[in-house]
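Here is the structure we will look at, set down as structure tokens.
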Amino acid sequence: MNSVILIAGARLQAVLLLVFSAYMLLRGHNAPGGGFIGGLIAATGFVVYAIACGTADARKALRFDPGSIAGAGLGIALLAGIMAVLWGDALFTGQWLFIGATEDDKGIPLSTVLVFDIGVYLVVLGAVLSIAFALEEAV
Amino acid sequence: MDSSTPTRWITPAGLLPVAIAGSIFLWFAQMIPVIGRGETLRYVWEWVPSLGVNVSIYIDGLSLTFALLITGIGALVMLYSARYLAGHVHQARFSLYLTSFMLAMIGLVISDNLLALFIFWELTTITSYLLIGFSHDTVKARRSALQALMMTGVGGLALLAGIILIGTTAGTFEMSEINATDGVLRDSVMYLPIVLLVLAGAFTKSAQMPFHFWLPNAMAAPTPVSAYLHSATMVKAGVYLMARTHPSLAGTDFWLWTLTIFGAITMVFASVMALRQTDLKLALAYTTLMALGALTLLLGNESGYTITAAATFLIVHSLYKAALFLVVGILDAQTGTRDANSLFGLAKALPITATAAAIAAFSMAGFPPFLGFIGKELKYAGAIAVASEPIFVAGAVLISSALMVAIAGIVSYRPFWSRSGEPIAGVKEAPWPMLVGPVILAILGAFFGIFPETLATSLVNPTVAAIIGNAEPAKELKLWAGVNLPLFLSIATFVLGFSIYYYKQKLREILIGWTTRGPSFDSGWDKLMAGIASGSKALTRVIQTGVLYHYMVVTFGTALAVLAVTLWFRSTGIPAMGVPQVELWDWLVFLLVLLGTLLTLITNSRITAIAGLGVVGIGMAMIFILYSAPDVAITQLLVETLVVVLFAAAALKLPHLNPEPLSRRWLDALIALGLGVVTTVILLKVTTGPIDRELTTFFETASWPQAFGQNIVNVILVDFRALDTFGEIAVVLIAAISIFALLKAKPEGENK
């Protein structure tokens, strides 16, 4: 498909979806969202991009092989789980760090749970895209 | 391999295993005084406490005897192979396999936990597979390795089943505890299945008739491997198992007769087959079978004589058989052949080898004052003491022992001292690392023969105590036990043995005639394998048609049948169904889903059908939203979107939908409606009962204080049940890889 409007629209939409996916990923712990949903949104962005501009361009825009992204995601999730062991807890227990916390305010919360969710995000993104790209290239 | 050429053999790959084996040997050796006093050692680490799997080490006389044989002979064999395989491209690989095997074997004999024992048991099977197939570029080695793997692997599965039965019957997997509770297995209803399964494992591993044929084939391995695994250690694992379970399983007629009959048949058959061989290594392989048969036979009984005989013969056999295998390896390496008909009078060229061979052979043939003599006398005494059929057992022992005398002559007299042929010229004595093993092993056989009490107090008595399971004293080991029946039987053995040796050529021709005409186990094995392969091919053709429609019909049809039958027989009736009181919105969503379904059913266009399904999915998502599950709704919406987009990409290239035959649509409708009805009934039944809200309450109260999150769905996913999520994303990744592979693989002969 060589429609200029479609290509321009798809590019814009892909960017918006990516930003939105990051937003969904980060808010997930307290509001609807999370790694799974975020990964699906990001994947949708790239799938639309691939339909408009072709999978070759989409792969270039992604920079990494989708399979490697999924693999890295699984590794990150595992690391997040192992971190709990380093602190002496059972595997996959969430570890939290509250930067600048006071009596009333929790400050900036950082956690291995977020790291785990980023792993989930990457696995979903990579897995969906490796299927989608392969499917589009096969037909 | 010509070891007379100077090769660098002092390499880490060659000598590191020797150091490992040697130091473990010393570690076990320092336990001899403790074990000799009749004590046992036990160490326990809990591994999977919920399943009763522990890493527990139990060392008594039996384990220690085995451990010393494994590490002691191991160290000598590894020194031997350091020189034997020096310069081989894969020497490091060989050392790794051999060391792994040794460690697995040690684990097997010192594990108290039966499940741990099983793991080590399988590890020895796998390392043995790798070692037999070491020369993997030859078809014979690959076939022999696979055959050994399959035979012992099938036996291993039976053993696992037996172990699980033992564990459930006795309530523990710790063998020392089971053996300490008298009659816990013997008096249970599961006794017979347990014995059958355990013996299936032991008999395949220890190559009893009719599972024996893999062992001679395993001689495709390099000679040090044959010396180590297939004579001194691994094949004795089955014997170890029978000895270890002896206190709990022996003492019944079934045990006695099974072991006696299988052992006796194996013993006589193997010693006759050994005479037939002209390849020295094969002859030794069959005598190993004979020894395994003899040990099985002896372990069938409970009397002090037979068990002392078993413990002594175990040690005797390992010493002389490993020595003789190593000698044959030297002959092979120095002359290039192992054929009995072309090796004569090499004693001048190989003086040290010849001496070691002679000493070991005297022990094998059972001449005084060697340990073999004591072993043989005890075997006779044990056979006479056998409660069941002393004449049958003693006769079997007599025949096989006489044949051992003849074979000892063939292996150790003819190649070195016989003048019936010209010695091969230019043969040089083997280098010292290859001589150390046979010499030490042969000398030990002589030493223990002259000073039997050293062996008796240190190893044999504790072993007997471990096998019989009570304090009944072991019979004394004596060179001169007085003029008695065993002595006369010994003399008869020598007379018979020498006559067989004298007429060996004639006997061998007769045997070759018999065996070539009779059915062969080996070709039977090939037929069995071919049968299994063609059977599974036929089955695959039936159940794997490759047509998606068939899979769907079978899957949903089965689900329908199973659910409907269960509901019919188990349910107490269908709950009443009224018109639910819901909002107008809900009815609209319901209508939307119904319309989407109908659209999918009646359309002839793929795109429309997918769009219809999308409508159904979005309807579902709306239901989730209406009942406040935004996370699930978002996910559902995104997945629907992605599916439609992806399918749109693929559908463009697919052919137009053809209307299906009416009969098929009727079948589909039947299955679909049936499943719908069944699912509805199940849902109705679920909603009539009270819903357990314990988990819901827990997550509601714990989510914020414990996991600092307000979105319960997400908190469950990434914190409370993070391990599950990890498993799920691993599955997602695996699925993606599989689909990727399916899409990228080009089917053969197709250009699409």
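Among rounded, prolate and oblate, which fits the range B:547-658 when a ≥ b ≥ c are the square roots of the eigenvalues of its C-alpha gyration tensor, a/c under 1.5 means rounded, and a/b larger than b/c means prolate? The shape class here is oblate.
Taking the Cβ of each residue in B:S128, B:S363, B:S520 as the centre, tally the other Cβ atoms inside 10 Å and list the residues starting with the fewest. Write down the numbers at each step before the final one.
Numbers: B:S128 29, B:S363 32, B:S520 12.
In increasing order of surrounding Cβ atoms, one gets B:S520, B:S128, B:S363.
The mean sequence distance of close C-alpha pairs (under 8 Å, at least 6 residues apart), as a share of the length of chain A, puts its relative contact order at 28 percent.
In a reduced charge model with +1 at each Lys and Arg Cβ and -1 at each Asp and Glu Cβ, chain B shows a dipole moment near 2520 debye about its Cα centre. If R0 is taken as 45 Å, the Cβ-Cβ distance between B:V542 and B:T337 corresponds to a FRET efficiency of 0.30.
Using alpha-carbon pairs under 8 Å, 6+ residues apart, how would you state the relative contact order of the range B:47-200 in percent? Provide the component values of the computation, followed by the final result.
Details: 150 pairs, mean separation 33.8, N = 154.
So the answer I get is 22 percent.
Taking the Kirkwood radius as Rh and the Cα radius of gyration as Rg, chain B has a ratio of Rg/Rh equal to 1.12. Give me the one-decimal nm value for the distance between modelled label points at B:E694 and B:A492, 7 Å along each residue's Cα-to-Cβ direction. The modelled label-to-label distance comes out at 7.4 nm.
When the convex hull of its Cα atoms is viewed from all sides, the protein assembly as shown shows a mean projected area of 50.4 nm². Among complete DSSP H helices in chain B, those whose alpha-carbon atoms stretch at least 20 Å along the helix's long axis and whose mean Kyte-Doolittle hydropathy reaches 1.6 are B:12-29, B:114-132, B:191-205, B:280-299, B:390-408, B:432-450, B:485-502, B:584-602, B:606-626, B:630-651, B:722-744.
Per residue of B:733-745, what is the mean number of Cβ atoms on other protein chains within 10 angstrom of that residue's Cβ? Let's see the in-between values first.
On the way: counts 10, 3, 2, 14, 6, 1, 6, 8, 1, 3, 9, 3, 0.
Mean shielding count: 5.
Relative contact order for chain B: what percent, with Cα pairs under 8 Å and sequence separation of 6 or more?
On the way: 1061 pairs, mean separation 82.0, N = 752.
After rounding, I find 11 percent.
Against chain A, whose longest principal axis is taken from its Cα atoms, helix A:112-138 shows a tilt of about 20°.
Where a ≥ b ≥ c are the square roots of the eigenvalues of the C-alpha gyration tensor, would you call the range B:9-80 rounded, which needs a/c under 1.5, or, failing that, prolate if a/b is larger than b/c, or oblate?
Numbers: a/c = 3.29, a/b = 1.54, b/c = 2.14.
Oblate shape, in that a/c is at least 1.5 and b/c is the bigger or equal ratio.
When the Cα positions of B:Y413, B:P216, B:S23 are compared along the charge dipole of chain B, B:Y413 comes out farthest toward the positive end, with charges on each C-beta of Lys, Arg, Asp and Glu.
Here's the picture: a label point sits 7 Å out from the Cα of B:I607 along the beta-carbon direction, and within the range B:647-678 the residues with their amide nitrogen under 19 Å of it are B:647-659.
Using the Cβ-Cβ distance between A:K60 and B:L592 with R0 = 30 Å, the FRET efficiency computed as 1/(1 + (r/R0)^6) comes to roughly 0.15.
Shielding by partners for peptide A:47-58, expressed as the average number of C-beta atoms from other protein chains within 10 Å of each residue's C-beta, is 1.
How far is helix A:35-53 tilted off the main Cα axis of chain A, in degrees rounded to 10, range 0 to 90? That helix lies at roughly 20 degrees to the long axis. Multiplying each eigenvalue of the alpha-carbon gyration tensor of the range B:136-289 by 5 and taking the square root yields semi-axes of 32, 17, 12 Å, largest first, rounded to whole angstroms. So how do A:V120, B:V397 line up by other beta-carbon neighbours within 10 Å, fewest first? By the 10 Å Cβ count, ascending: B:V397, A:V120. Positive end of the dipole of chain B, charges at C-beta (+1 Lys, Arg; -1 Asp, Glu), about the Cα centre: which of B:L123, B:F624, B:V439 has its Cα farthest in that direction? Checked the options; the winner is B:V439.
Size descriptor for the range B:33-158, Kirkwood hydrodynamic radius: 16.3 Å (Cα pairs only, one decimal). Applying 1/(1 + (r/R0)^6) with R0 = 41 Å to the Cβ-Cβ distance of B:W417 and B:Q30 gives a FRET efficiency near 0.50. Placing unit charges on the Cβ atoms of the charged side chains and taking the dipole of chain B about its Cα centre, the candidate lying farthest along the positive direction among B:V681, B:A651, B:A349 is B:A349. Where a ≥ b ≥ c are the square roots of the eigenvalues of the C-alpha gyration tensor, would you call the range B:231-334 rounded, which needs a/c under 1.5, or, failing that, prolate if a/b is larger than b/c, or oblate? Here the range B:231-334 falls in the prolate category.
Legend: mean number of C-beta atoms from other chains within 10 angstrom of residue C-beta atoms, peptide A:125-133, equals 5.
The numbers here are math on the coordinates, done by the rules we state, and not lab data. Predicted model, so just to flag it, every value in this text is computed and none were measured. With ideal geometry, Cβ positions are generated from the backbone for all residues, glycine too; neighbour counts draw on all protein chains shown.
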